[in-house]
1. Quick test for you: out of Leu208, Leu224, Leu236, pick the one residue that is outside any helix (DSSP H, G or I), within 24 Å of the chain's Cα centre (by Cα), modelled with pLDDT of 95 or more and closer than 22 Å to Lys274 by Cβ.
2. Limited to segment 271-297, what total is found for residues that are modelled with pLDDT of 95 or more and of a type in the set (Ser, Thr, Tyr)?
3. Among the residues of segment 92-102, write down those that are open to solvent by less than 10 Å² (accessible area, probe 1.4 Å) and either under 11 Å from Tyr126 (Cα atoms) or over 27 Å from the mean Cα position of the chain (by Cα) (or both).
4. Determine which member of the set Leu164, Leu172 is touching a Phe, Trp or Tyr at 6+ places or on another chain (Cβ under 7 Å), in contact (Cβ under 8 Å) with a residue 60 or more places away in the chain and among the hydrophobic types (A, V, I, L, M, F, W, C).
5. Can you tell me which residue within segment 18-41, out of those that are open to solvent by 50 Å² or more (accessible area, probe 1.4 Å) and of a type in the set (A, V, I, L, M, F, W, C), is nearest to Glu283 (Cα to Cα)?
6. Hey, among Glu202, Glu181, which residue is part of a helix (DSSP H, G or I) and farther than 28 Å from Ser350 by Cβ?
7. Residues of segment 190-245 being open to solvent by less than 20 Å² (accessible area, probe 1.4 Å), farther than 20 Å from Pro258 by Cα and not aliphatic (A, V, I, L, M), which ones?
8. Being closer than 22 Å to Asp256 by Cβ, of a type in the set (A, V, I, L, M) and surrounded by 14 or more Cβ atoms within 10 Å (Cβ to Cβ) is true for just one of Ala179, Ala163, Ala129, Ala136. Which residue is that?
Amino acid sequence: MKLIPHRLLFVSMSDTAGGAENILCMVASVTDSPLVFLKHIYNSRLQIPKFLKVKYLTNGSMLLGFFKLVKALYPYRKDYTIISTHPYLNSYLGLLKRVGYIKSNLIVRECTSVFTRYTGIKKLTYQIAYRLGYPAVNLIICQTEIMRSQLLEENKFIPMNKALTKENPIDLNHILKKAEEPLNDSNDNSDFICSAGRLIAEKGFSILIRAFVNIAQQHNNLKLLILGEGKERNNLNSLIKETGLEGRVILMGHVDNPIPYFKKAKLCVVSSIKEGFPNVLLEMMAVSSSSVISTLCAGGIEDIPSIVKVKVNDAIALAAAMDSVLHSYSKDNDVKYYFKRRTPKNYIDSILKEADKLHS
């Protein structure tokens, strides 16, 4: 089936340097399409190519960004395909489509499994949002089959053929280029385990630290570096002091380019408890595929070759896996075949092909 040309617009809540935003930038870049951010984050570290046409609606409140989006969408109301991520934004665009303001096709991407991640009032707000906006969505992209199943189970009004499972893309050449940059800090001459992500409870860094306690004595020259910033910093610092690992477990804060750390590390670890899909895992695999451990924190991880998998929230199992991989340390890295189907171009082409099928 020949792909019908699409004029695309990408829309995101903010230019936070998160996984969802990185994916939208990646795909907007390969299609040379405009990108709208409801809110500009001060000192945002999202890497946006200079050639992209980017518009920021506000530096203030996100609510103001939602109001301004109506006007910003006017040139794209018809004959475009609008692609967005984040459930509230997806639902808002769907509602604008339901009332007839947007006549363009609307494709939305699920950034996480909100119905299992949240409870109470927070979950209720999502349930309302989905009910209001998602009936008008043309196609829903889920990162994993589990995410798709949860979406359809919680929203029985969504037809099954409108929910597509599509693995996150990764630009392998870009990752390998970033990996060549030097560390330029004292850890360049150290042996270390590396993990990365926002310092939030869902990332399981407290579990990782407790796992490191169990192997620290056997590997007494090894450090644990955790790259990222967040609200759990104080709690993690307290845990580091409690376990007597000051100087060996280091909270590095935000690092603009974590890839050289993944490449230099003796071992890379994803310790998350729950994820939509951890994009950092793909980055780790790209430069350290045979020395990566991940918890089974998201659907699809169990099928990934070359990495060691452990169950979530289990410091003992994680410690045993870490010790085992360290004793059989290898840098044999050949993941090009695995990543071939996950290129940004293949990602967007396959999505647009599915969208065309629904309208044929």
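1. Leu224 is the lone residue from the list that is outside any helix (DSSP H, G or I), within 24 Å of the chain's Cα centre (by Cα), modelled with pLDDT of 95 or more and closer than 22 Å to Lys274 by Cβ.
2. Total meeting the criteria: 4.
3. Result: Ile102, single match.
4. Leu172
5. Val30
6. Checking each option against the conditions leaves just Glu202.
7. Phe212
8. Ala179
The values are calculated or read from the model by the stated rules, or taken from the named source; none is laboratory data. This is a predicted model, so every value here is computed, not measured. Here the Cβ is made from the backbone with ideal geometry for all residues, glycine too, and neighbour counts use every protein chain on show. Remember, those area values only see protein heavy atoms, side chains included, never the ligands or the DNA or RNA. Shrake-Rupley method; radii C 1.70, N 1.55, O 1.52, S 1.80 Å.
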